[in-house]
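Student: Could you have a look at this structure, given as structure tokens, before my questions?
The values are calculated or read from the model by the stated rules, or taken from the named source; none is laboratory data. Every value quoted in this text rests on a predicted model; they were computed, and no experiment measured them. Cβ: placed from backbone, ideal geometry, glycine included. Neighbour counts: every protein chain shown.
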Amino acid sequence: MGLAQQPSGGRIRFRTDSTTVGLVAQNPRFSNMHHMASVGENGFDLYVNREYLGSAWPDGNGQIAKEWRLGSERRTREITLYLPLYKAVSVSELTLDTGARLEPAVPYATRRPVVYYGSSITQGVRLERGRDVPGAVRTSA
């Protein structure tokens, strides 16, 4: 698999008033590198209003099924679901509460994305959540 199929930095963004977000995905070629945790290599990270809420990673068959509780009250929240670093994945379902609103994410501060090429250190391999370069830029902006 080439670099073009590795979704590192890829994300799904939206706003919703749902109290839950569910994910069903497949990561059929998941693996475990000896030098990093499986969740970093194969997992998804969910951020709510720019704060890390939790992660999901594949079971032994490459299946991912997770539901996150966002809170008890219905209010609009900004959701960002970060894709795995190294593995091509297939997202088959993203679920919300019945009747929940689904809206586009707040636009980025700049119209055009900043794109750069870096190493695994830039990418955030083996770092705590949000300490990678994109995460540091995101939380300081």
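Student: Select, from GLY71, GLY43, GLY62, the only residue that is within 16 Å of ARG11 (Cβ to Cβ) and either in contact with a Leu (Cβ under 9 Å, 6 or more places away or on another chain) or not hydroxyl-bearing (Ser, Thr, Tyr) (or both).
Tutor: Working: GLY71 fails: within 16 Å of ARG11 (Cβ to Cβ); GLY62 fails: within 16 Å of ARG11 (Cβ to Cβ).
Checking each option against the conditions leaves just GLY43.
Student: Give me a count of the residues in region 80-114 that are in a loop (DSSP other than H, G, I, E, B) and either aliphatic (A, V, I, L, M) or surrounded by 13 or more Cβ atoms within 10 Å (Cβ to Cβ) (or both).
Tutor: As a first pass, look at region 80-114 and keep what is in a loop (DSSP other than H, G, I, E, B): 83-89, 97-101, 104-114.
Narrowing further to those that are either aliphatic (A, V, I, L, M) or surrounded by 13 or more Cβ atoms within 10 Å (Cβ to Cβ) (or both): 83-89, 97, 100-101, 105-106, 109, 114.
Residues flagged as in a loop (DSSP other than H, G, I, E, B) and either aliphatic (A, V, I, L, M) or surrounded by 13 or more Cβ atoms within 10 Å (Cβ to Cβ) (or both) within region 80-114 amount to 14.
Student: Among the residues of region 63-84, is any free of Cβ contacts under 8 Å to residues at least 60 places away in the same chain, within 20 Å of PHE44 (Cβ to Cβ) and of a type in the set (Gly, Ala, Ser)? Lay out the reasoning, then the answer.
Tutor: First, the residues of region 63-84 that are free of Cβ contacts under 8 Å to residues at least 60 places away in the same chain: 63-75.
Add one more test, that the residue is within 20 Å of PHE44 (Cβ to Cβ), and what stays is 63-71.
Right, trim to of a type in the set (Gly, Ala, Ser) and you get 65, 71.
Among the residues of region 63-84, at least one is free of Cβ contacts under 8 Å to residues at least 60 places away in the same chain, within 20 Å of PHE44 (Cβ to Cβ) and of a type in the set (Gly, Ala, Ser), which makes the answer yes.
Student: I'd like the full set of residues that are modelled with pLDDT of 70 or more, among the aliphatic types (A, V, I, L, M) and farther than 18 Å from SER55 by Cβ, limited to region 89-127. It would help to see each step written out before you state the result.
Tutor: Keep residues of region 89-127 that are modelled with pLDDT of 70 or more, which gives 89-115.
With among the aliphatic types (A, V, I, L, M) added as a condition, the list becomes 89, 91, 94, 96, 100, 102, 105-106, 109, 114-115.
Correct list: LEU96, ALA100, LEU102, ALA105, VAL106, ALA109, VAL114, VAL115.
Student: Would you please list the contacts, defined by Cβ atoms under 6 Å and residues six or more apart or on different chains, that run from a residue in region 96-110 that is within 17 Å of ARG69 (Cβ to Cβ) to a residue that is of a type in the set (S, T, N, Q)?
Tutor: Between residues of region 96-110 that are within 17 Å of ARG69 (Cβ to Cβ) and residues that are of a type in the set (S, T, N, Q), the close pairs are LEU96/THR16; LEU96/SER18; ASP97/SER18; ASP97/THR19; ASP97/THR20; ALA100/THR16; ALA100/SER18.
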